[in-house]
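First the structure, in the form of structure tokens, and then the observations on it.
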Amino acid sequence: MPTHVAIIGAGLSGLTLALSLHQNGIPCTLYEARSAPLNIGGAIMLSPNALRILNSLGVYNRIKSEGYSFDTLYFRSPDDKPLDTFEFGSEERYGHSGLRVYRHVLIRELSAMVVDAGVPIHYHKKFTQVLEEHDTGVKWEFADGTVGTATCLVGADGIHSKVRSYLYPDLQPTFTHTMAVTAAVPTAQLKVPAGYGLPVTILNKTHGAFVIAPQQADGSEVLIGRQKHARQLDREGWDKLLNDKEWCIDFLRDGAADFPEVVQNAVSNIDAEMINLWPFYIVPKLESWASKSSRVVILGDAAHAIPPSAGQGINQGFEDVYTFALILGRLDRQDDWSGDGERVLARALRVWQAGRQERIDRVLVLNAEIDRRRGPKRPGQQKEEEEETKAFELTWLYKVDFKEMVDGWLANA
């Protein structure tokens, strides 16, 4: 069997993986359960580590003009006083500013580039189960009864991954009983004071945090949002909320009088059609992201779910797929993908997962520190003011040479 990678899921991770594999000379095919390219969801925040990857693939210049560039996230008190900042990018320090861009823009450009590269995308192909693995590949089945074969099958199919269920049949992602409730409104509606830093998170002990984040290249639109926590709701109660957006307007407005005027203006006129809901799920740390034969692999949200504190969810997904393609690109595909070489492939994937897990663990530590600094303090937990506002050191996260990193992983294996 000639070397060939099958990718389940043509979302952001799957499409970027296809381009990364193509760049490394590895043939691949994409399979997507939906009938057309995804055109859902709001804007996402891309940090310099992900933008370095998208730039190396030729994607960045195609999306930059449609996104909102920024360097700093601001945090303010309920009475609108500055509390803290978090650096999300810098052209000077990291090579890129942060970029907030609509998900459908990135999907559109990635899809076009995949087609231009000659990588096949088959829509309306819902993966159902792996039929068998052997020393040269894997065979699986789709919902329509057809069967596929490849040297390696990669699940880039998200938090509710069907491919993951083959590796971990009893694992279900855990719903945190929390969802982000967001809407898009015109920036002019907010009457933002001159010099007011955006994007901003305004903290309130009673009502939680209220987020305002510009989008569109000229910043003419902002996302506004809050998180809803309701552990008392059962699955039926949450499903009712997910299927009825009218309540979101009331929720976004609830307690607005206890926030600064910019928030009150933001919620004064909300179009229900511009609302998005994002339920939060978590996946436990997994022992392995690959099957014993190394013919089935998961990555991105299918392998790990990262809380949004540092805005690294999708950005770490891009790191997964790019380094995975680099690892495979280092292998001699004639000798290392079959027969005795199966052990070579298995070892390479273990090295890849170990390297990626180390990065993810470090992001989780960063998340915890961000949450600690922003959250309410219990007696005895107060720290010196200068420590609480000390800037995070983020060069390790944003300014990384991925090819050098992968070479280091392999050299130290």
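The values are calculated or read from the model by the stated rules, or taken from the named source; none is laboratory data. Note that this is a predicted model, so its numbers are computed, not measured. Cβ atoms come from the backbone with ideal geometry, glycine included; neighbour counts cover every protein chain shown. Ligands, DNA and RNA are stripped out before the accessible areas are found, and what is left, the full protein with its side chains, is counted by its heavy atoms. Shrake-Rupley method; radii C 1.70, N 1.55, O 1.52, S 1.80 Å.
Yes or no: segment 24-45 includes at least one residue that is touching a residue at least 24 places away in the same chain (Cβ under 8 Å), farther than 24 Å from Tyr398 by Cβ and assigned to a helix (DSSP H, G or I). No: segment 24-45 contains no residue that is touching a residue at least 24 places away in the same chain (Cβ under 8 Å), farther than 24 Å from Tyr398 by Cβ and assigned to a helix (DSSP H, G or I).
Do we find that Ser268 is of a type in the set (S, T, N, Q), more than 21 Å from the chain's Cα centre (by Cα) and buried (at least 18 other Cβ atoms within 10 Å of the Cβ) in this structure? Taking the combined requirement at face value, the residue does not satisfy it. Of everything in segment 78-109 that is polar (S, T, N, Q) and either at pLDDT 95 or above or more than 25 Å from Trp278 (Cα to Cα) (or both), the residue that is surrounded by the most Cβ atoms within 10 Å (Cβ to Cβ) is Ser97. If you go through segment 210-265 and keep only what is polar (S, T, N, Q) and either buried (at least 17 other Cβ atoms within 10 Å of the Cβ) or under 21 Å from Gly42 (Cβ atoms) (or both), you end up with Gln215, Gln216, Ser220, Gln227, Asn243, Asn265. The set of residues in segment 146-171 that are over 30 Å from Thr201 (Cα atoms), touching a strand residue (DSSP E or B) at 6+ places or on another chain (Cβ under 9 Å), surrounded by fewer than 17 Cβ atoms within 10 Å (Cβ to Cβ) and not hydroxyl-bearing (Ser, Thr, Tyr) contains only Val147. The residue list Leu38, Leu51 contains one member that is open to solvent by less than 20 Å² (accessible area, probe 1.4 Å) and of a type in the set (A, V, I, L, M, F, W, C), which is Leu51.
Counting only strands (runs of 3 or more DSSP E) wholly contained in segment 67-131, the ones carrying 1 or more residues that are within 30 Å of Val147 (Cβ to Cβ) and out of contact with any His (no Cβ under 8 Å at 6 or more places or on another chain) occupy 121-123. Taken together, the residues in segment 309-328 that are open to solvent by 10 Å² or more (accessible area, probe 1.4 Å), over 20 Å from Lys403 (Cα atoms) and touching a residue at least 60 places away in the same chain (Cβ under 8 Å) amount to 2.
Taken over segment 192-209, the criterion of being touching a residue at least 40 places away in the same chain (Cβ under 8 Å), open to solvent by 10 Å² or more (accessible area, probe 1.4 Å) and more than 30 Å from Thr174 (Cβ to Cβ) is satisfied by Val192, Pro193, Tyr196, Gly197, Leu198.
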